[in-house]
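Before any comments, here is the structure.
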Amino acid sequence: EHQLLLERLNRKYDLVLNATGLIPWTWDLRKHAVEYSITYVQDKASGENFDQKVISEENGYLRVHPDDRERIRKSYDDLLEGRVAVVKEEYRACFSIEDPVYFWFESFVIVGERDEAGRPAMFVGGSLIINDRKKLEEDLVKAKEQAEISNHLKSAFLANMSHEIRTPLNSIVGFSDVLAVEGSTEEERQSYFQIIKTNSDLLLRLIND
């Protein structure tokens with residue numbers, strides 16, 4: 001019965017890992033070694049021709065992108081010293097430091113074992129390749145920036161058009177009011193008519209444009 005239960009649990013474990021494409025790994029803090037499996041990486045993005053491997057912890061750090069490395073070191077130090085119970089980080093890393101091709105990873109890590117003194121002896125973690133998600137996030141940021149630029153251009157266009165339209169309109173309204181006042185000579189009235197016509201044509205061209 002115990003063997004059947006273990007087999008059933010293993011099948012569930014395999015099903016979950018295969019469905020998510022998770023990379024399970026353990027970090028033996030006594031041996032300073034990290035063991036991981038890419039059996040469940042659906043697209044085999046790493047290009048590795050094996051499913052399981054053991055590397056040194058320093059090699060593991062070297063695989064992390066230089067811009068993310070110190071942040072990741074600090075997160076694991078916090079877990080080691082008990083300042084946090086779970087580490088959840090997004091970072092870039094590669095599968096080979098000789099020919100680095102970086103992927104975006106999301107990792108969840110907890111303390112899996114402790115020694116006799118209660119200090120962490122092993123970390124247990126899982127990592128997902130999240131390139132598609134990061135690309136979507138980048139596309140959303142670009143779309144937001146483009147929308148903000150478009151909104152700024154629209155506001156600038158409306159402000160400029162409001163000014164351009166208001167200028168001839170003020171002349172039309174102003175000189176129309178002057179025409180309504182008694183006492184203007186015929187020459188002055190013709191001059192006002194010409195100003196009104198000129199600005200009316202200008203306003204019409206602005207609207208057509």
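The values are calculated or read from the model by the stated rules, or taken from the named source; none is laboratory data. Predicted, not measured: the structure shown is a model, and the values here were computed from it. Don't worry about glycine lacking a Cβ; one is built from the backbone with ideal geometry, like all the others, and counts go over all protein chains shown. Quick note on the areas: whole protein, heavy atoms, side chains included, nothing else; ligands and nucleic acids left out. Shrake-Rupley method; radii C 1.70, N 1.55, O 1.52, S 1.80 Å.
Worth pointing out:
- For the stretch 134-148, a tally of residues being surrounded by 11 or more Cβ atoms within 10 Å (Cβ to Cβ) and not hydrophobic (A, V, I, L, M, F, W, C) returns 3.
- Residues in the stretch 111-146 that are of a type in the set (A, V, I, L, M, F, W, C) and within 16 Å of the chain's Cα centre (by Cα): Ile129, Ile130, Leu136, Leu140, Val141, Ala143.
- Single match in Asn131, Asn151 (criterion: open to solvent by 30 Å² or more (accessible area, probe 1.4 Å), farther than 30 Å from Tyr192 by Cα and either in contact with a strand residue (DSSP E or B) (Cβ under 8 Å, 6 or more places away or on another chain) or modelled with pLDDT of 95 or more (or both)): Asn131
- When residues in the stretch 178-209 are screened for being free of Cβ contacts under 8 Å to residues at least 12 places away in the same chain and over 59 Å from the mean Cα position of the chain (by Cα), 13 of them pass.
- Filtered by the rule that a residue be farther than 22 Å from Glu35 by Cβ and open to solvent by 40 Å² or more (accessible area, probe 1.4 Å), the stretch 55-89 gives Pro66, Asp67, Glu70, Arg71, Lys74, Glu81, Gly82, Arg83, Val84, Ala85.
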